[in-house]
Amino acid sequence: MSTNESTKIFLLGSERSGSNLLRSLLGRHKNISAPIAGHLSDVFYGRFHYYLPLSNESKRELLLDLIEYLNHPFNDWKIERTFDLDALISSSHLNNFIQFQDLVHRIKAGQENKDHYFSKDNHNHRYALGYLQNLTNVKFIYLVRDPRDQIASWMRTPIYLHTPHAAVLKWKQEQNDIIRLSSFYGVDMKLVKYEDLVDDSRATMTSILKFLNLPIDENCFNTDPKNKEASKHPFWKNINKPIKSKNYGKYRDVLTEGDVNLIETIAKWEMNQLNYSLVSNADWKKPNYYLFRLNEKIKSRLSRRKNKDFLEKEMKILFDKHSYLNSLFDKFDDDSRNKAIFTR
């Protein structure tokens, strides 16, 4: 690993907002490592206590598990064991999970001969204050996309959000949480709009790199046509293709006027904060509670039926991932899983 001070760059935002496009562009920088998201905090949040109390032995076990998980084909980090694991542990501050997460990112960056890393894990905003407390030189990029387009994306290829109502509630909560990080806690972050990124990648990426205090690298202005990750997942199929300008505002092809009114009514405050103009009266009123729930269930069922083939493929990927995680943690007995976190 490099002895230079690394910049730890964390993405804040919601899924379906162009996060893999941004990751692929930053990963083209000569000094930024931007691997596939391992969603480490989400995966280990409810399991980290299995390894407590932290001893050299349990630190070694956790680090080996992290490397095995990240090297699995669905993450494909390809971390090579070219380092002395015990020496690395003894020379590192490893008192909580965030420090382990930072370590594996720096190992990956070092093997790419890069100093800095970018994490686009889901829900980074939940752990942002922990990153600031435990790491140095932390930078946050807040990537946002017009919620109408973001929700239309969910409706085109739904996995677990099958109605505009369910999707907008999730988007609203996540933007609210991120905005409060800035307004309430004073967390510094760079706001980037997906629409600006696709319309003028040169200006947007230049602005991002200046915020990161990193040299401008023109490779970051365009996608890599040789990016093999495009074949790993249907949602990544465009990351090796030229960036399409004006690739937004297409929600009208998917959403009804009623859907748009619902979205804008629920997300009005967040949209105003992020300067997305309303096109409806934003006066949707929730109907009878029981009828509304029934209608949502019917819509969800119809969506699942319509997208059956797609969902079967996605569910298989998720099932395989969960099966692998279960096998990874099977070694822990009930005592380890249920051990007291606080001791007297």
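No value in this document is a laboratory result; all are computed from the given coordinates. Remember, predicted model here, so these are calculated numbers, not experimental data. Every residue, glycine among them, receives a Cβ derived from its backbone with ideal geometry; neighbour counts consider all protein chains shown.
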Length released on extending from Asn338 to Asp309, taking residue separation times 0.36 nm less the Cα-Cα span: 6.6 nm
Are there chymotrypsin sites (Phe, Trp or Tyr not before Pro) in the range 36-71 that DSSP marks as loop and that have at most 16 other Cβ atoms within 10 Å, and which are they? Tyr45
Pulled fully out, how much extra length does the chain show between Thr82 and His123, if you take 0.36 nm times their separation in residues and subtract their Cα-Cα distance? 11.6 nm
Quick check for you: which residues of the range 230-261 have the amide N under 17 Å from the point 7 Å beyond the Cα of Val279 toward its beta carbon? 246-261
For a Förster distance of 22 Å, can you work out the FRET efficiency between the beta-carbons of Lys297 and Arg156, rounded to the nearest 0.05? 0.60
Specify the angular offset, from 0 to 90 degrees and rounded to the nearest 10, of the alpha carbon long axis of helix 201-211 from the longest principal axis of the alpha carbons in the chain. 50
Using θ = phi - 60° and the Karplus relation 6.51 cos²θ - 1.76 cosθ + 1.60, list the HN-Hα couplings for the range 259-264 in order, rounded to whole Hz, with x at every Gly or Pro. 4, 4, 4, 4, 4, 5
Helix 289-306 versus the longest principal axis of the chain: what is the Cα-based angle in degrees, 0 to 90, to the nearest 10? 70
With label points set 7 Å from each Cα along the Cα-to-Cβ direction at Glu218 and Asn113, the distance between them in nm comes to 2.1
Give me the angle, in degrees from 0 to 90, between the Cα long axis of helix 164-183 and the longest principal axis of the Cα atoms of the chain, rounded to the nearest 10. 60
Which value, to two decimals, describes the C-alpha radius of gyration of the chain once divided by 2.2 N^0.38 Å? 1.05
I need the peptides 101-109, 252-260 ranked by packing, meaning the mean over residues of other C-beta atoms within 10 angstrom, with the highest value on top. 101-109, 252-260
How long is the gain from Arg202 to Ser92 if the chain were fully straight, where each residue apart is worth 0.36 nm and the alpha carbon distance is subtracted? 35.8 nm
By the Cα gyration tensor axes a ≥ b ≥ c (a/c under 1.5 gives rounded; else a/b larger than b/c gives prolate, otherwise oblate), the shape of the range 131-247 is oblate
Setting aside same-chain residues fewer than 8 positions from Lys210, which lysines have a Cα under 17 Å from its Cα? Lys8, Lys30, Lys139, Lys190, Lys193
